[in-house]
Amino acid sequence: MEGKGLVKLFGFLFGVVSLYQLSFTYISNETKDRARVFAKNKVSEDEDNYVEERRKKELHYLDSVSGETVYDIGITSFTYKEVEEKELNKGLDLKGGINVILQISVKDILRGLANYSKDPTFNNALVGADKASEGSDSNYVDLFFEIFENIGENVHLASPSIFATKSLSGDITFDMSNDDVKPIIREKVNASIVSAFEVLRKRIDRFGVTQPNIQRLGNSGRILVELPGAKDIDRVKKLLKSTAQLEFWFTKKNVDVLPFLVKADEMLQDILPKEKSAVKEEAVSELDSLLSDVANDSLEGAKKRPLLDLIVDQSFEGAPILGAFAIKDTATVNGYLKIHQIRTLLTETQKDVKFVWGKPKQNLEVVNLYALEYNRQGRPPLSGSVIENASQTYDINNNPAVSMQMNGKGSRIWEEMTGRAYKERSNIAIVLDNVVYSAPSVSSGSISGGRSEITGDFTLNEAVDLANVLRAGKLPASAEIVQSEIVGPSLGQEAIDNGINSFIIAMIIVLVWMMAYYGIEGFFANIALLFNIVLIFGVLAGLGAVLTLPGIAGIVLTIGMSVDANVIIFERIKEEIKKGKSQARSIADGFNNALSSILDANITTGLTAIILLVFGTGPIRGFATTLIIGILTSLFTAVFISRLLIESRLSKKRTMTFDTPVIRKLIRETKINFLGARKVAYIVSGLLILASLISLSTKGLNQGVDFLGGRSYQVRFEEKVSPQELSFQLKKALGSVEVKTFGSPNQVKITTKYKVEENGDQIDNEIQTILFQKLQKYLPEGSSYDTFINPGEDKHVGIMSSIKVGPTIADDIKINSFWSVLGSLAVVFLYILMRFQKWQYSVGAVIAVFHDVMLVLGVFSLTYSFMPFGMEIDQAFIAAILTVIGYSLNDTVIVFDRIREYTGLKIKENRAEIINTSLNSTLGRTLNTSLTTMVVLLSIFLLGGDSLRGFIFAMIIGIAVGTYSSLFIATPVLYDFEKKNQKKKV
């Protein structure tokens, strides 16, 4: 081998760098282990809530050493914080945490650019774009432009009532055409989304999660946020969704607005359906006393008061609080106050009032209602844009608060506002995202200097997050979570354990098999294989790539492919030895002749992996990443490292046979007439495809949440449960619901489309409440709602993970999946056409792949109803299909390569004999590789965890039918099309 010294040097450096990169993961884990021991010694299991207390102690320990040196390699040293940043990234399914896709409202951005125009054409176009975007993959802005031009023949985008506003006067003038305005608006919208991305990035950077990932998804206004290791899910959601729209408003005094509430209540008694039940006698309240001048305080014979009876507490006279209401009644109160007849009761001095709820009180299910002094423009006297800095502090009662510093302009306005509030003895409401956080009075004159403080019923984390959000700035538009995946840390640890176990067992099986089959040469292949694994993990760590559970599956699959490369080489060397060549010549020719087949096989698999990387998201991209890295490193180790070891033994004049006595006796040269059996194979395959088509058209497929939209929850119990019984309990409340055993009999997956069109924490909380209430009797005694829904380190009962996918996202996933499969077929067709220069080769390969995909789909359609594991059609299944395509092509290309070689050598005159000889000569490699890969996959299937079983099952079926199709479909189809083409020429 030429350049032997260079290969040795490169291999040595590559290995050292990989071990160096992995060393950070080792040091980081060692430090975390010390933190766990520290926490365990400090907090006894006898203490209340010891799990949470230990977690706090653990975090405190890690914070205390974050700036200390924990890794010293002589020439340089690293602190724990630096080590943690360089460790191997673990994905959600291995570490726990949250993964969300946020949809920035492009509609809000357009409304803001148009200065919240009242123009009917503009607003109708927005409504039309909303409807059109639900079933379309088109850009929202393009849909808006299209609908605007269809409904507004005489209205232009450059109208002063639309985009030719004062704020856009430097970009848009009245004489511009629609085509002139469109690129400007597109640019402004894109700039707003970039701004939203930067705001979110700043917030996440300050949140304190290690190795976060945030990225834009195309031009759709969607932003992907992955926070592995995040445990406080509600806190994360609030941090991401908060627009940070900070406003300062004057408040109305309750004595000025309460007469309106009394009149509204009287009108409601007349317009609402009459209550049959009599009102219980009750004492005269403070509110009745306060309003005695405008209402009769006697309740004798009175009707039930629809509005006033909802007040559970009142404030002092002259306060900005109208009353306290139960949180569950806020929607009812909002509905009453929006009724047109009720709004007409407002007097001239009350017309400018806006009713806003306060921040709910901790541990109390009540919230205060405020009346703000509003204006027609809807613009506050002072907004958060003047905030220069914000920090978490403590108020005079030592409760968490947020201190703010304003710029010069803000300081002047704040001085004027506080001066007016002091003179009028009124209050100033501090409003964040349409919620009143506090409404302080001014007791000592106007406040200069621009400092202010937000106080309220804060926890320390809430105060810290609010300060971070205000420093990062406001989002330019509202953001909705349209897809989310939440994995508890205990489930992540289980995934790691299962993944490692399956990985180790698969490795042992492969290593033993290679030694048993090839002897000492198999040992050399094993060394190359182990080195390959070190390189894969080293590259992953060095690139900062994320290791996911499907990523581990990709690595294990790479083991099979690495073995395949060595098998191809060793089988070719054995063929050269049989021809009577010397040992040195046989090894050289074997490596050279195998190279073409290895490259073709790996390139076709690599192309499908690249398509997965482009169209996939989350864990699927992790799978594609590890597969691509594995393909490159396995090529290096199989072609160069294996050869280096073999030639080293050759230089010592040692004999090498590339087999063992046992294998020599068992494996004989085959002379199977594959083409002679092709008609039977066509009939068998035709019947199987027909059965698959019938099942697909009648039963269909079990489409997962990824494709249909909805919410899915993995729930675990202490004892075995009946899915049918749970389904019966839940259907009453959720309507459409599916409950299936997921892995062990004490675990189920609950999928529902209940309120799938609606987003927001309220819907998530509503469904989780229903789940807890309906499933409570199956949970251990004393289980609380919080322990049921929240993730925890040692959690073994309750919601272990959850996924939410909005219908629009689901449509996009379907479209991407379709294009990924179609794209992989097209790319492979073109590559094979380019490599083999005959369209018959491409047709044979594509028909074989179509055959494999149809059979995998058919098996899933026929068996999903009774299999004891999840067989949903989701993104992971599409990844499995694409991997099957790559693997099937791998087999097929090896055979095609041998046919091309034998055709060039003209070892046979008859085309059928050339093809049969080629199939027989590669049969050992085909079966060897398929069996080792199958054993590896079975190891993952049995030990790799519940979430992977459907994914791996699809690959097991795909590899079985792929091996069959490469022998009995692809090559026979090639032969028949060649015959047909020759007849036409004749």
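Below is a table of values for the structure above.
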quantity: Environment charge at GLU781 (Cβ cut-off 13 Å; Lys +1, Arg +1, Asp -1, Glu -1); calculated: -1
quantity: Accessible surface, 1.4 Å probe, highest first, among residues PHE829, PHE869; calculated: PHE829, PHE869
quantity: Accessible heavy-atom area order of ARG420, ARG425, ARG716, highest first, probe of 1.4 Å; calculated: ARG425, ARG420, ARG716
quantity: Heavy-atom accessible area order for TRP819, TRP357, TRP249, largest first, 1.4 Å probe; calculated: TRP819, TRP357, TRP249
quantity: Cα centroid separation - segment 933-976 against segment 852-890, whole Å; calculated: 9 Å
quantity: Per residue accessible area in Å² of the chain, where ligands, DNA and RNA are left out and the probe is 1.4 Å; calculated: 46 Å²
quantity: Cα gyration tensor of segment 576-733 - equivalent ellipsoid semi-axes, whole Å, descending; calculated: 49, 26, 19
quantity: Accessible surface of the chain, 1.4 Å probe, proportion on carbon and sulfur as whole %; calculated: 55 percent
quantity: Gyration tensor (Cα) of segment 671-781, equivalent ellipsoid semi-axes in angstrom; calculated: 42, 18, 12
quantity: Segment 506-639: Cα Rg divided by the 2.2 N^0.38 Å rule of thumb; calculated: 1.12
quantity: Residue-level accessible surface for ASP265, protein heavy atoms, 1.4 Å, Å²; calculated: 0 Å²
quantity: Positive dipole terminus of the chain, leading residue within ILE873, GLN103, GLN341 (C-beta point charges); calculated: ILE873
quantity: Accessible area of LYS753 in the full protein assembly, 1.4 Å probe (Å², nearest 10); calculated: 90 Å²
quantity: Two-decimal ratio, the chain, of alpha-carbon radius of gyration to 2.2 N^0.38 Å; calculated: 1.14
quantity: Viscosity 1.567 mPa s, temperature 4 °C, Stokes-Einstein D of segment 327-412 from Kirkwood C-alpha radius, µm²/s; calculated: 79 µm²/s
quantity: Cα-based helix-to-principal-axis angle, 678-698 vs the chain, degrees rounded to 10; calculated: 10 degrees
quantity: DSSP-loop GluC sites (Glu not before Pro) across segment 639-724, with at most 11 other Cβ within 10 angstrom; calculated: GLU669, GLU719
quantity: Under 26 Å from LYS40, Cα to Cα: lysines that are on another chain or at least 8 residues apart; calculated: LYS32, LYS56, LYS57, LYS81, LYS90, LYS95, LYS231, LYS795
quantity: Accessible area (Å², 1.4 Å probe, nearest 10) - MET867; calculated: 50 Å²
quantity: The chain: relative contact order in percent, alpha carbon pairs under 8 Å with at least 6 residues between; calculated: 13 percent
quantity: Farthest positive-ward along the chain dipole, Cα basis, beta-carbon charges - from ALA439, ILE815, THR79; calculated: ILE815
quantity: Cβ charges +1 (Lys, Arg) and -1 (Asp, Glu), total dipole of the chain, debye; calculated: 4640 debye
quantity: Restraint check, LYS579/LYS671; LYS238/LYS338; LYS131/LYS753; LYS579/LYS653; LYS118/LYS252, Cα-Cα greater than 22 Å; calculated: LYS238/LYS338; LYS118/LYS252
quantity: 222 nm mean residue ellipticity, helices alone, for the chain (DSSP H n ≥ 4; -39,500 (n - 2.57); rounded to 500); calculated: -19000 deg cm²/dmol
quantity: Loop sites in segment 63-109: GluC sites (Glu not before Pro), DSSP, at most 15 other Cβ within 10 Å; calculated: GLU68
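The values are calculated or read from the model by the stated rules, or taken from the named source; none is laboratory data. Worth saying up front: this structure is predicted, and the values here are computed from it rather than measured. Cβ atoms come from the backbone with ideal geometry, glycine included; neighbour counts cover every protein chain shown. Just so you know, the surface numbers come from the protein's heavy atoms only, side chains and all, with ligands and any DNA or RNA stripped out. Shrake-Rupley method; radii C 1.70, N 1.55, O 1.52, S 1.80 Å.
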